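Reading through the structure tokens given below for one structure.
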């Protein structure tokens, strides 16, 4: 086995460990990070998205006594996930999340993707994929989109 193949194997093993045994908290952050990665590759926007995701987590009751876990999870996912991998990661997160948390994950993804008030065709397509993966009712998804467009 060559050095490149060995390196690829190591990366794949690391990525597998990254998403094994996700907690609900990590799954919520993971979906939000995936939406940020889909939005742009601009580092300045990623900094703003990290702040938005951290604020969403800190405001959610599930993170009440776990504020110290937000930044490490956020950094781990932001530094590892590439935009081409987001569907795979959202599918993994969906397996961990109960229905009420799937809706929260979809809300967070919508807030991150629409933080500039823009819902382009590409962003709409991403949210539709996430809606299906997270098993969000179409009417609920539409309501979340409307709310996000009014607050951004």
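Scanning the stretch 112-121 for residues that are part of a helix (DSSP H, G or I) and over 11 Å from the mean Cα position of the chain (by Cα) gives a single hit, 121.
Being within 18 Å of the chain's Cα centre (by Cα) and surrounded by fewer than 19 Cβ atoms within 10 Å (Cβ to Cβ) is the filter here; which residues of the stretch 134-143 pass it?
First, pick out the residues of the stretch 134-143 that are within 18 Å of the chain's Cα centre (by Cα): 134-136, 141.
Scanning the stretch 134-143 gives a single hit, 135.
Considering (1) without any contact (Cβ under 8 Å) to a residue 12 or more places away in the chain; (2) surrounded by fewer than 11 Cβ atoms within 10 Å (Cβ to Cβ), the lone condition that residue 117 does not fulfil carries the number (1). Going by the conditions given, is residue 107 at pLDDT below 95 and either closer than 19 Å to residue 53 by Cβ or assigned to a helix (DSSP H, G or I) (or both)? No, not satisfied. Of the residues 71, 26, the single one that is modelled with pLDDT of 90 or more, exposed (fewer than 15 other Cβ atoms within 10 Å of the Cβ) and either under 16 Å from the mean Cα position of the chain (by Cα) or not in a helix (DSSP H, G or I) (or both) is 71. Residue 124 passes every criterion in (1) at pLDDT 90 or above; (2) crowded, with 19+ Cβ neighbours inside 10 Å; (3) part of a helix (DSSP H, G or I) apart from (2).
The residue of the stretch 74-99 that is nearest to the chain's Cα centre (by Cα), among those that are under 26 Å from residue 122 (Cα atoms) and outside any helix (DSSP H, G or I), is 81.
Is there a residue in the stretch 131-151 that is free of Cβ contacts under 8 Å to residues at least 12 places away in the same chain and under 17 Å from residue 57 (Cα atoms)? No: the stretch 131-151 contains no residue that is free of Cβ contacts under 8 Å to residues at least 12 places away in the same chain and under 17 Å from residue 57 (Cα atoms).
The values are calculated or read from the model by the stated rules, or taken from the named source; none is laboratory data. Owing to the predicted nature of the structure, the values given are computational and were not obtained by experimental measurement. Cβ atoms come from the backbone with ideal geometry, glycine included; neighbour counts cover every protein chain shown.
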